[in-house]
């Protein structure tokens, strides 16, 4: 449980860093084994882009062990974390 909590905090930290660094991105979304970013037009960006490398590497390393992508969450760069939608 403690590892899952720490991993969740790290996903949030990295995703917010990416959102703040790239104003074209508006939201981070994760759940049901997937994670992605979206822009103001609703276009979805996934792990195939180099700007997401840090997050992709972290999730690739830990998801099989603690299933972090199964935790639902969505948020903007500075907004609240929504876990039930």
Inset, instruction - For the chain, please list each of the strands (runs of 3 or more DSSP E) lying entirely inside it that holds at least 1 residues being more than 11 Å from the chain's Cα centre (by Cα) and without any contact (Cβ under 8 Å) to a residue 60 or more places away in the chain. - result: 25-31, 34-39
Legend entry - Positions within the stretch 37-69 being farther than 13 Å from residue 14 by Cβ and in contact with a strand residue (DSSP E or B) (Cβ under 7 Å, 6 or more places away or on another chain), in sequence order: 38, 39, 40, 44, 45, 46, 69
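Every read-out reported here was derived from the displayed coordinates using simple, explicitly stated rules and does not represent laboratory data. Please read these numbers as outputs of a predicted model, since none were measured by experiment. FYI the Cβ positions are ideal-geometry reconstructions off the backbone, even for glycines, and counts take in every protein chain you see.
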